[in-house]
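These notes are about the structure you will find just below.
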Amino acid sequence: MKRLGTIAFLLAVVIIAGCVGQSPTTTQLEGNSTLKEEQTNTYVERYPLTVKDFAGREVSIESEPMHIVSLAPSITETLYFIEALDKVVGITKWDNYPNNVHEGRIIVGDMEPNIEIIASLKPDLIIGLKYHLKYIDQLEKIAPVLIVEPQSVEEIYEAVELLGNVTNKEDQAQKAIMEMEEKINNIQEKVKNKEKPRVLYIVWWNPLITAGNGTFIGELITLGGGENIFADTQGWPQVSVEEVIARNPEIIILPPSAGITANELCGSPLANTDAVKNGRVYTLSSDDIVARQSPRVVEGLEEIARFLHPDAFNIEAQPLVCEATSS
């Protein structure tokens with residue numbers, strides 16, 4: 001997938017308040033008409049700077065953040081991928097990546113931030129989701145607050161670049177983006193000439209909730225070479241079993257937390273879909289790789305693409321085998 005040439009969103013406003021010092025170029029004649037030129041040296045102070053966040057807010061950051069509080073696992077993961085995790089002093093109870101993420105860091109809440117604990121850490125930057133805007137007045141009394149909540153793979157690139165900019169990790173951010181792009185392009189190259197199977201993603205079983213257009217999961221199904229049978233819906237629609245049967249998915253994908261297992265689908269009303277009859281029901285290794293807006297979504301994309309087109313990855317599909325029930 002080609003990345004947009006310019007990401008205007010991130011660098012909409014960047015104010016550099018340092019001085020740009022340029023030493024004069026001097027030329028002098030030495031000895032036997034030898035010309036010596038002193039090279040020009042240019043120095044740019046990065047901070048303070050002002051950036052626009054994912055809520056459209058202009059956020060001013062006075063100096064390089066050295067003590068960051070992250071209010072969402074997706075943010076912590078992104079900071080890890082740009083090598084800025086050492087700056088993070090506070091995380092949520094849901095953070096679990098990388099494996100040692102809790103070492104040396106304080107839990108500052110779950111979705112609801114604990115304002116007192118955050119204040120005690122004396123952070124110089126707090127990064128949260130749009131959900132946390134309801135706490136913005138309290139949080140901004142502690143430190144600048146940056147809202148980072150991408151809604152697509154393209155916006156993940158923007159989030160990576162934004163966080164690289166504010167944490168002085170621009171090179172590492174560009175490296176993370178390039179690695180994402182390369183992996184996604186490789187996956188798309190493998191599946192580009194394949195027939196697109198009809199796919200149902202079950203977010204939750206009862207009531208039956210799926211992923212429609214405008215969701216990460218919907219985008220990953222498309223990038224992985226599939227056709228989302230509910231692409232004509234938006235967000236996370238509740239659908240009926242009858243509607244699913246009428247659309248007859250060829251492949252069903254479940255997260256571990258779907259409220260039903262692949263084997264249990266054998267005895268469900270969806271047993272008559274092509275997906276269950278042909279054993280093409282798959283369970284992701286983790287909810288997080290498709291639910292968190294971080295570079296880890298590439299892992300989710302690869303798993304989905306392998307489910308849809310195992311032959312493109314030179315792997316053998318492991319079909320679900322429904323056991324016949326005794327009468």
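Just a few scattered comments:
- When the range 262-308 is limited to residues that are among the acidic types (Asp, Glu) and in contact with a Gly (Cβ under 9 Å, 6 or more places away or on another chain), the one that is nearest to ILE252 (Cα to Cα) turns out to be GLU303.
- Candidates are the residues of the range 219-234 that are touching a residue at least 60 places away in the same chain (Cβ under 8 Å) and assigned to a helix (DSSP H, G or I); the one that is surrounded by the most Cβ atoms within 10 Å (Cβ to Cβ) is ILE221.
Conditions tested, residue by residue: (1) closer than 21 Å to GLN293 by Cα; (2) free of Cβ contacts under 8 Å to residues at least 40 places away in the same chain; (3) out of contact with any helix residue (DSSP H, G or I) (no Cβ under 9 Å at 6 or more places or on another chain); (4) part of a helix (DSSP H, G or I).
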| residue | (1), (2), (3), (4) |
| --- | --- |
| GLU64 | no, no, no, no |
| GLU83 | yes, no, no, no |
| ASP95 | yes, yes, no, no |
| MET111 | yes, yes, no, no |
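- Residue in the range 158-177 that is crowded, with 17+ Cβ neighbours inside 10 Å and closer than 12 Å to LEU223 by Cβ present: no
- Residues that are among the hydrophobic types (A, V, I, L, M, F, W, C) and in a helix (DSSP H, G or I), drawn from the range 197-218: PHE216, ILE217
- Residue in the range 68-76 that is modelled with pLDDT of 95 or more, in contact with a Phe, Trp or Tyr (Cβ under 7 Å, 6 or more places away or on another chain) and buried (at least 21 other Cβ atoms within 10 Å of the Cβ) present: yes
- Condition met for PRO237 (in contact (Cβ under 8 Å) with a residue 24 or more places away in the chain, loosely packed, with under 15 Cβ neighbours inside 10 Å and in contact with a strand residue (DSSP E or B) (Cβ under 9 Å, 6 or more places away or on another chain)): no
- Cβ-Cβ under 8 Å pairs, at least 6 apart or on other chains, the range 315-327 side farther than 14 Å from VAL281 by Cα, far side at pLDDT 80 or above and not in a loop (DSSP other than H, G, I, E, B): ILE315/ARG306; GLU316/PRO310
- Qualifying residue in the range 257-278 (condition: assigned to a loop (DSSP other than H, G, I, E, B), in contact with an Asp or Glu (Cβ under 6 Å, 6 or more places away or on another chain), of a type outside the set (A, V, I, L, M, F, W, C) and not assigned by TED's automatic domain parsing to the domain that holds PRO98): yes
The values are calculated or read from the model by the stated rules, or taken from the named source; none is laboratory data. Quick caveat: nothing in here was measured; it's all calculated off a predicted structure. Methodologically, a virtual Cβ is constructed for each residue, glycine included, from the backbone with ideal geometry; neighbour enumeration extends over all protein chains shown.
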